[in-house]
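Here the structure is laid out as structure tokens; the discussion comes afterwards.
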Amino acid sequence: MQYTIQVNGAPRPVDVDGETPLLWVLRDTLDLKGTKFGCGAAQCGACTVHMNGVPIRACQTPIASVGTAAITTIEAIGETKVGQNIQAAWIALDVPQCGYCQAGQIMSATALITRVPAPTDHDINEAMSGNVCRCATYTRIRAAIKQAADAGRA
Amino acid sequence: MLARRNFLKASLAAGGGLLLTATLPTLAKAATLGHAGPDAVTLNAYVRIAPDGRVTITAKNPEVGQGIKIMLPMLIAEELDVAWADVQIEQADLDPRYPAQVAGGSTATPVNWLPLRQVGAAGRQMLIAAAAAEWGVPATTCTTAAGQVMHAASGRSLSYGALATKAATQPVPDLKTLTLKDPKSFTIIGKPTRNIEVPRIVTGQPMFGIDVSVPGMLYAVFQKCDAHGGRLVSSNVADIRKLPGVRAAFEVKGGTDLRGLLDGVAVVADSWWQANRARQQLQINWDEGDIAGQNSADFAATAVRMSKGRPETILRKDGDVNEAFGRAAHVVEATYHYPFLSHMDLEPQNCTASYADGKLEIWAPTQNPAPGSKLVSATLGIPESAIKVHMVRAGGGFGRRLSNDYMVEAAWISKVVGAPVKVLWTREDDMRHDFYRPAGTHFFKGGVDANGNLLALADHFVTFSQDGVIANSADMGPTEFPARMIEHLEFGASMIPLRAPTGPMRAPRSNGLGFAFQSFLDELAHAGGRDPVDFALNLLGKPRLLPDPPGPRAGPGFDTGRMAGVIRLVAEKSGWGREKLPAGTGMGLGYYFSHLGYFAEIVKATVNATGAITVDKVWVAGDIGRQIINPLNAENQAQGSALDGIGQALGQGLHLEGAKVVEGNFDTVLPLRMRQAPPVEVHFLVTDHPPTGLGEPALPPALPALTNAIFAATGKRIRSLPLKDHDLSTTA
Amino acid sequence: MKRMPLVAALFASLAIAPAAFAQPAPSPTAQGEYLARAGDCVACHSVPGGKAFAGGLKMGTPVGTITTTNITPDIETGIGIYTLQEFDRAVRSGVARDGHQLYPAMPYPSYAKLTDADVQALYEYFMRAVPPVHQVRQPNSIPVYLSPRWPLAVWNTLFTPSLGFSLDPERDQQWNRGAYLVTGLGHCGACHTPRGWAMQETALDSGNASFLSGANLDDWSAPSLRQNVATGLGAWSQADIVQFLKTGRNQHGSAFGSMRDVINNSTPYLNDEDLTAIAVYLKSLPASAQETAPAYDATTAAALLSGKAEAVGAALYAGNCQSCHRETGAAAPPFVPPLAGNPTVVDKDAASLINVVLNGSGPLVVKGKPDAYRMPQFREQLNDRQIADIVTFIRSGWGNRAAPVAAKEVGDLRKRTDPTSDKVVVLKMR
Ligand code: FES
Ligand code: FES
């Protein structure tokens, strides 16, 4: 099936079966490898992207359901101010260990701060608990979210 | 020196079977391989210097998140005396010029600490020699700083960039004559240093094994028998070939070594999704072999039965435990159990291989590429000289990627289809085909005297054997704490035959033993009415070094003073015993020596009426010697290790049924999540001992610290993991 | 072949064989296989990984566990020595060859409606096409004081109508074909019709308003298949029903729980005419209750998006469910089922909803192809209170109007149910 999805601001025609998860269209068809595969079951958040600004799990999003929604991936999250602040905080605090989960973490964190500019610990817990970090860099992720939020309000 | 060499040899044997005896000569050789490149000059196998002074340093070890890609070049850059900002880092391939290309056993620091600094110092000396020759001054009158050689008397200086070509022709210095920097003058080592890969990570650049892309690459999945070691009888593979996108589907006849290529069906398609969808329609008849008794429930029953008899093997016998129990004021008997665990690297196993004209190129997120290359060579019948292995950043390792089963699968499938192939496992594949942290059951008996001091301890450890020998990482040594601390002690072990493969997982052995022993010691402290910190310090006694018994695993021994030091530090930092905690909240202590690191941890946890556990905070105190190479990463690793332990304790455990692992994804084995992750405060006790590694030793104390905190909070003793299987509610 | 005259005589006395139902079957065994699919015999008479029709499945009933029988033509352990007459007695009257009464877990009250020709085709299929499997049946675990089967004869006289299917002359052939499939082989009522005091289905055909009005069996609440606008098929078109039976999913929802067996083994194998007939028949069943059609309410999505939704369970929904079912509750049908306006979600009985959150859903396998998206289980991740809150939120969000759920209900279900496996199970017909 032919679909044209909107990825990072550009229309991208793809020819895949309608059941194909957005994750594999992004990674293998469009060669956007930043979005990661961890569980394939909406349990780890490694595949988090934004659909119209809302974080979704690309592994559980059939391409047939995407329509004309604006998809944003880690490759383009730095084009927003919030995304930049998040990335800068991640670098400043040296958050990652293996780094595999971090694209998903950043997508969830960006959506959080966009919605809640000054998140509490509770907000962070709720928004970020769908993103597993197997290396358990949670302490720094939390700190980096707060630092990015502060930067956004400065 | 001899002692140090022995110790290196020993510590490495645990992490991958590498030997230092081979290490130093190879390093010396690597330092002599200087030759001029097209623009940048190659000073030795590790260092290339461009005319503009930029220095490229090779990171020789696999990066799995432990930060080695930064840390090893830091050692070289320090002694080379360049500005860190001028350093670029390049990942090495598997290359015989580099020794010990392995990530395991927290060995990289002790193994490389001296030699890699020598590599840098040798380079510096060659640069000095070049400058001295240029200026016609004695080398001893030249100094260096930040990529410059200086001659103070004449006020002259030359950049490394300008000197590189000449330096490469200088004789390679004798490593023994090199003087290394005084640590006081370190400008890189010991400074918080950011991971230079983070900018690429946060922008989603392709860098992991799963991201590798080779022109013409196809995607493959490989279905093996979930009953470990089962053999393929027949399949509907012919039907699978007709499915959309499928380029090839074929049966593979593998061997019997679970670490190698196994029986299965490979499905190769234009996209991974198509390959995996086609694979889901496979119908395979397996010969699962003898699966009798290969169930978690049977293992539990067998362990209890075994505990009633004498242990099959006596690991240690000191004094007379029974006599001591007879005069003990309190005798406690308890059974502790920890489950099988999967490593759960967040990046599922994968590998890309390209076979053409008898040559094989492999991109593998592996912790241990050398055995992988050998395995591929032996399985495919291709000489190792025709195999090139690129080490690709791995999304977690934790010991899983010390095995290279995914590598041989990719190589085999690529050879069959004659095209580059990326093999990628699903999460379920990953969880059901792991080298599991073995479960274990300890039948303890302990006695304390009227003063609450430990008098005697006995453990009948029921563990697992594989093919008649102790299963990988399922053993226990005769020096397991509190051995050597008390007069009357007996360790025995019995083994249940196991089919599932086992292997090292972050802090192998210690990750389970730490929980069992440290929980039971806490139980004994309480039985004798002693504060657990006092009890521990009293047990450790006066500071002394207890040498290891001779043998292949002999290390530098156990320093009771260092252990006591971190216990005191963590007690002080956590405010242990100084505040009255609210009902339902408690603090627990765990301490453990492993992988040459001394760690003590205290967890504060709260259990509410519904039984929900909140881990409020973790304090970590560690002693890994006189030098923390990269404090920024050290803190991250220690926090991650402690939280890894907390996550295991809270929610992880696998069940076997009919030789198969039941669980398959994160809905049944629960990784730690943000809402469960407490703050972790890390303190290092700097002592005058050689620097040691950090990837593992901070993990083992976290589990008992948590379960002991739960005891303090609720009075309920946790004797099995994970905690999710316990009902801690106080309401009906 | 020698038996034929006798059998024909028997059938003549039993029921009409409407000419309309004479299928253009290529061969009796192929026709029999088709009917065995329609009846989903394999689902109960096999175990995952076992041989088809060799029995052995343990079925929990209120009086104990029944182990299903071996219905392969094995002489010793199966039905190899059954004559057509004996086979017929078992299928349509629930009496085994030795004269003992079968437990009504075998849906013979429904199968009583089968035509003679269909019984014969089934017989031909089982005798000739199914390979015999030597597999001795495990005993039932019905307590001794309940086990004499004679009360079952009483049960039969009370609850099993002795007559077969009768055509409704007021309706067309298509409707009648649908009625025949739904009330007969399809035995839909076994799950979807409420059962009475003695576990009997309270109605066996459309003559009674309780027929297919929704029921709870084995901790799965089977929704109403009548035209109830909220909790039934009132909002489903004929095409929706056909798509659901063919693929296990449509724009309104996905099959899970015990309906998974039906999709995995039965309805996708039926031809379009039969599926359409079933849909026509179901669409003709009037609503059993006056309901207002759910009106979509967008405030739930807005609240979830704000990150400050305050409704009970909203935060838990956001953290655990929203990434697939979305803040809109509309999800991505037919792949991921919507929650807004889904009849199962607003069913008075929340058992299925609780069950699927607790235990997840195993793969739907349509003609050997498993589905691409799977509901994970949450029993390990969430406690009773949390699941109750989530279910309550789902049942009252987006305009859904169903009663809240108590933690105790979740706790009870947790104890009684097991998690589903993610492993693909294909029950093979041969
Ligand atoms: S890969 Fe999508 S949530 Fe894990
Ligand atoms: S950094 Fe490794 S999984 Fe998060």
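The values are calculated or read from the model by the stated rules, or taken from the named source; none is laboratory data. Everything numeric in this text was worked out from a predicted model, so none of it was measured. FYI the Cβ positions are ideal-geometry reconstructions off the backbone, even for glycines, and counts take in every protein chain you see. When the accessible area is computed, the model is the full protein with side chains, heavy atoms only, and any ligands, DNA or RNA have been set aside. Shrake-Rupley method; radii C 1.70, N 1.55, O 1.52, S 1.80 Å.
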Quiz item: Which of the lysines could be linked to B:K242 by a straight reach, that is with a Cα gap under 18 Å, when you skip same-chain ones fewer than 8 residues away?
Solution: C:K367, C:K369
Practice problem: Give the long-range amide H neighbours of B:E90: residues separated by 5 or more places, or on another chain, with amide H under 5 Å away, using H modelled in the peptide plane at 1.01 Å from N. | Solution: B:I57, B:T58, B:A59
Quiz item: What residue among B:P671, B:I613, B:V686 has its Cα farthest toward the positive end of the dipole of chain B, where the charges are +1 on Lys, Arg and -1 on Asp, Glu, each on the Cβ?
Solution: B:V686
Exercise. Calculate the tail of P(r) for the range B:338-484: the fraction of all Cα-Cα distances greater than 18 Å, expressed in %.
Key: 65 percent
Quiz item: Longest segment of chain C with no GluC sites (Glu not before Pro) in a DSSP loop having at most 11 other Cβ atoms within 10 Å?
Solution: C:171-309
Self-check item: Cut-off 12 Å between beta-carbons: net charge of the residues surrounding B:N368, Lys and Arg +1, Asp and Glu -1
Solution: +3
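What is the ratio of the Cα radius of gyration of the range B:69-166 to 2.2 N^0.38 Å, with N the residue count, to two decimals? Let's see the in-between values first.
Working: Rg = 15.4 Å, N = 98, 2.2 N^0.38 = 12.6 Å.
With N residues counted in the range B:69-166, Rg over 2.2 N^0.38 Å equals 1.22.
Shielding of A:12-25 by partners, i.e. mean partner chain Cβ atoms within 10 Å per residue? All intermediate terms of the calculation are to be shown ahead of the outcome.
Working: counts 0, 0, 0, 0, 5, 7, 3, 8, 5, 4, 1, 2, 6, 2.
Partner Cβ neighbours, averaged per residue: 3.
What Kirkwood hydrodynamic radius do you get for the range A:2-75 when you take the inverse of the mean 1/r over all pairs of distinct Cα atoms, in Å? Present the calculation step by step, with values, prior to reporting the outcome.
On the way: mean 1/r = 0.0847 Å⁻¹.
It is 11.8 Å.
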Quiz item: List the aspartates and glutamates whose alpha-carbon lies under 17 Å from that of B:K580, not counting same-chain residues fewer than 8 positions away?
Solution: B:D531, B:E572, B:D616
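Quote the relative contact order of the range C:299-416 in percent (integer), defining contacts as alpha-carbon pairs under 8 Å separated by 6+ residues.
Details: 164 pairs, mean separation 31.2, N = 118.
Once divided by the residue count of the range C:299-416, the mean separation gives 26 percent.
What does the convex hull of the Cα atoms of the range C:248-293 come to per residue, in Å³, rounded to a whole number?
Numbers: hull volume 4.9 nm³, N = 46.
In the range C:248-293, the Cα hull volume divided by residue count equals 107 Å³.
Taking the Cα centre of the range C:299-416 as origin, work out the dipole magnitude from +1 charges on Lys and Arg Cβ and -1 charges on Asp and Glu Cβ, in debye rounded to 20.
Values: 14 positive and 10 negative charges, 49 e Å.
So the magnitude is around 240 debye.
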Exercise. Would you mind giving the total buried accessible surface between chains B and A, with a 1.4 Å probe and ligands, DNA and RNA left out, rounded to the nearest 100 Å²?
Key: 4500 Å²
Quiz prompt | Dipole in debye (nearest 20) - chain B, about Cα centre, beta carbon charges: Lys, Arg +1; Asp, Glu -1 | solution = 900 debye
Self-check item: Rough spin-label spacing in nm, given labels placed 7 Å along Cα→Cβ, for B:A153 and B:A329
Solution: 7.5 nm
Quiz item: Residue by residue through the range C:33-38, which ³J(HN,Hα) values in whole Hz follow from phi under the Karplus form 6.51 cos²θ - 1.76 cosθ + 1.60 (θ = phi - 60°), with glycine and proline marked x?
Solution: 4, 4, 5, 5, 5, 4
Exercise. Could you pull out every residue, at least 5 positions away or on a different chain, whose amide H is within less than 5 Å of the one on C:T61? Hs are placed 1.01 Å off N in the peptide plane, and Pro or chain starts have none.
Key: C:I66
Exercise. For a quick protection proxy, order the peptides B:639-646, B:342-349 by their average other-Cβ count within 10 Å, most packed first.
Key: B:639-646, B:342-349
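Return a whole-number percent for the relative contact order of chain B, with Cα pairs under 8 Å and 6 or more residues apart as the contact set.
Details: 1702 pairs, mean separation 99.9, N = 732.
Relative contact order here is 14 percent.
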Practice problem: Return the lysines within reach of B:K308: Cα separation strictly under 22 angstrom, same-chain partners fewer than 8 residues apart disregarded; answer none if there are no such residues. | Solution: B:K317, B:K445
Quiz item: Accessible surface of A:R142 in the full protein assembly, 1.4 angstrom probe, to the nearest 10 Å²?
Solution: 40 Å²
Self-check item: Extended-chain gain in nm, criterion 0.36 nm per residue less alpha-carbon gap, B:D174 and B:H726
Solution: 192.6 nm
Practice problem: Kindly write out, for the range B:112-117 in residue order, the coupling ³J(HN,Hα) from the Karplus curve 6.51 cos²θ - 1.76 cosθ + 1.60 (θ = phi - 60°), rounded to whole Hz, with x marking Gly and Pro. | Solution: 9, 3, 7, x, 6, 5
Quiz item: For the range B:355-404, what's the relative contact order in percent, using C-alpha pairs closer than 8 Å and at least 6 residues apart?
Solution: 53 percent
Quiz item: What order do you get for B:168-177, B:201-210, B:526-535, B:42-51 when each peptide is scored by the mean count of other beta carbon atoms within 10 Å, highest first?
Solution: B:42-51, B:201-210, B:526-535, B:168-177
Quiz item: Is there a simple number for the mean count of other chain Cβ atoms within 10 Å of the Cβ of residues in A:103-113, and what is it?
Solution: 2
Practice problem: Compute the Kirkwood hydrodynamic radius of chain C, taking the inverse of the mean of 1/r over all pairs of distinct Cα atoms, and give it in Å to one decimal. | Solution: 22.6 Å
Practice problem: Output ³J(HN,Hα) for the range B:325-336: one whole-Hz value per residue in order, computed from phi by the Karplus curve 6.51 cos²θ - 1.76 cosθ + 1.60 with θ = phi - 60°, and x for Gly and Pro. | Solution: 4, x, 9, 6, 6, 9, 10, 10, 10, 7, 10, 10
Quiz item: Counting pairs of Cα atoms in the range C:271-344, how many percent are more than 19 Å apart?
Solution: 53 percent
Quiz prompt | Shielding of B:192-203 by partner chains, average beta-carbon count, 10 Å | solution = 6
Self-check item: Pairwise label distance in nanometres, B:D52 with C:T67, each label 7 Å out on the Cα-Cβ vector
Solution: 8.0 nm
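Suppose we take every Cα in chain B and form the convex hull; what volume per residue is that in Å³?
On the way: hull volume 123.5 nm³, N = 732.
Looking at chain B, the number lands at 169 Å³ per residue.
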Self-check item: Cα Rg, Dmax, the range B:423-532, angstrom units
Solution: 17.0, 62
Quiz item: Once the Cβ-Cβ distance between B:S185 and B:Q283 is put in as r, and R0 is 56 Å, what FRET efficiency do you end up with, to the nearest 0.05?
Solution: 0.25
Self-check item: Principal axis dimensions, largest first and in whole angstrom, of the protein assembly as shown by Cα
Solution: 123, 78, 62
Practice problem: Report B:D95's accessible area, 1.4 Å probe, all protein chains in place, as a number in Å² to the nearest 10. | Solution: 30 Å²
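Taking the range A:77-153, how much of its Cα-Cα pair set, in percent, is spaced more than 14 angstrom apart?
Details: 1515 of 2926 pairs.
Of all Cα-Cα distances in the range A:77-153, 52 percent exceed 14 Å.
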Quiz item: Quick one: if the Förster radius is 35 Å, what FRET efficiency do C:S237 and C:K308 give, using the C-beta to C-beta distance and rounding to 0.05?
Solution: 0.40
Quiz item: When the accessible area of the range A:2-75 is computed with all protein chains present and a 1.4 Å probe, what percentage of it is carbon and sulfur?
Solution: 46 percent
Quiz item: Can you list, largest first and rounded to whole Å, the semi-axes you get for the range C:299-416 by taking the square root of 5 times each eigenvalue of its Cα gyration tensor?
Solution: 21, 18, 13
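Could you compute the FRET efficiency for B:H689 and B:R231, with r as their C-beta to C-beta distance and R0 at 41 Å, rounded to 0.05?
0.20
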Exercise. Return one whole number: the accessible area per residue of chain A in Å², for a 1.4 Å probe.
Key: 29 Å²
Quiz item: To the nearest 10 square angstrom, how much accessible area does B:H337 have with a 1.4 angstrom probe?
Solution: 70 Å²
Quiz item: What is the packing order of peptides B:153-159, B:693-699, C:189-195, taking the mean over residues of other C-beta atoms within 10 Å and listing the highest first?
Solution: B:693-699, C:189-195, B:153-159
Quiz prompt | Whole-Å distance, taken between Cα centres, linking the range B:194-209 and the range B:536-575 | solution = 39 Å
Quiz prompt | Dipole magnitude (debye, nearest 20) for the range A:2-75, charges at Cβ of Lys, Arg, Asp, Glu | solution = 240 debye
Quiz prompt | For the range B:483-531 versus the range C:292-344, the gap between their alpha-carbon centres in whole angstrom | solution = 48 Å
